[in-house]
Each structure stands twice: as structure tokens, then as C-alpha cells.
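The next block holds one structure in the form of C-alpha cells; read it before the comments.
Coordinate-derived values only; no laboratory data. Treat the numbers as computed from the prediction; the structure is a model and nothing was measured. Here the Cβ is made from the backbone with ideal geometry for all residues, glycine too, and neighbour counts use every protein chain on show.
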Amino acid sequence: GSLSSVADTVTITVVEVPATLTNIAGAATVTASSEDPSTGQLAIKAIDGVADGYPGDYTKEWATQGDKAGGWLRLTWSSAQTISKIVLYDRPNASDQITSATLRFSDGTTLSTGSLPDYGSALTLTFAAKTVTYVELYIDTVKSSTVNIGLSEIEVWGGIF
């Protein structure tokens, strides 16, 4: 008897599954150039999940003690995180505004933010996924009326890519 071989054709379809992103800011340790304990406007308030501040609830925002350009906020994780989106919320008052800042990542890369929307609405920055242990927001320039720079919230979106 003779053996005949049958070649089967198998088609494999590869489906891109979007990353499941989570706001991992709350899992970070937060440090800052300064904060205001007398008013409760602590650096940790930038990751409390509430994008609010003066003239709303000032206890929900991070405010510095007189910092302007040169002020900074750093989020550090105990293990490397893969991130691809950061959302920044400026302090919602009319005086204090970040007009340009640089996000500095632990992998040595940077990303310029441009001006944050005044009155605290969201500025969303997306980028190619990178794996980092920290991200720092370094304030480059501020509105001339700024007294105490800060943020009402920062979100760092990461996950499995």
C-alpha cells in the first residue's frame, strides 16, 4: 500500500487586543518641591482621585509654598510600570497656571506638556508605551499671576500591553 499525504491549510488570524489601562498614580509614592501642610494642600492630593481645588475644595489639590518655575512633582513606583498616557489637571483658580512643563521619565526620556488648560480642565498626553519606575512633572514656565504652582490631579495610565 501507498501512503498519501494530505496538506491542511491553517489560517491564523491575529487580533490586536487594546491594552487594559488603569490609573496607577494612586499606587505611587509622591514627592514634591514643596507642599502646604497648613492648608492640607499636600503632594499626595495630586493623586487622590479628585480633580478639584480652590475656588472649589482646596483640600483636594496639591499647592506649593511659593514655587513657580522650577517646582516639581514626582511619582515613584516600587516596581517598573508600563505607561502610555498621563492626564494633568492644573489648579482650577484663575491665577495659578502651568504654561509649560516637562515630564521626565526614569528611562531618560522627556515629554513637553505645553500649557495646561486654565481653570483645571484635563490635558491628556499620550505616547508610545514605556516602562518606568518614576515620572516627574518639572514646571518650566508659569502664568505671571502665579503665586503657588501645583496640580488638582495627575493620572498616569498604565497596564499590560
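For this structure, a couple of remarks:
- Spin-label pair A122/T31, simplified geometry with 7 Å Cα→Cβ offset, distance in nm: 3.0 nm
- Of the GluC sites (Glu not before Pro) found in region 8-71, those in coil by DSSP whose Cβ has at most 16 other Cβ atoms within 10 Å are E16.
- T102-V14 FRET efficiency (beta carbon distance; Förster radius 45 Å; 0.05 resolution): 0.75
- S115-V50 pseudo-label distance in nm [points 7 Å out on the Cα-to-Cβ vector]: 2.9 nm
- Anisotropy class of region 46-99 from Cα gyration tensor, a/c 1.5 cut: prolate
- Alpha-carbon spread of region 91-161, three principal axes, descending order, Å: 40, 21, 16
- Of the trypsin sites (Lys or Arg not before Pro) in region 72-161, those whose Cβ has at most 12 other Cβ within 10 Å and which sit in DSSP loop: none
- Shown here: Rg and Dmax of the Cα atoms in Å, derived from the displayed model; of the candidates [x] 15.9, 55; [y] 26.8, 126; [z] 21.4, 94, it corresponds to [z].
- Rounded to the nearest 20, the Cβ-based charge dipole of region 1-135 about its Cα centre (Lys and Arg +1, Asp and Glu -1) stands at 260 debye.
- Where labels lie 7 Å past Cα in the beta-carbon direction, separation of S78 and I160 in nm: 2.1 nm
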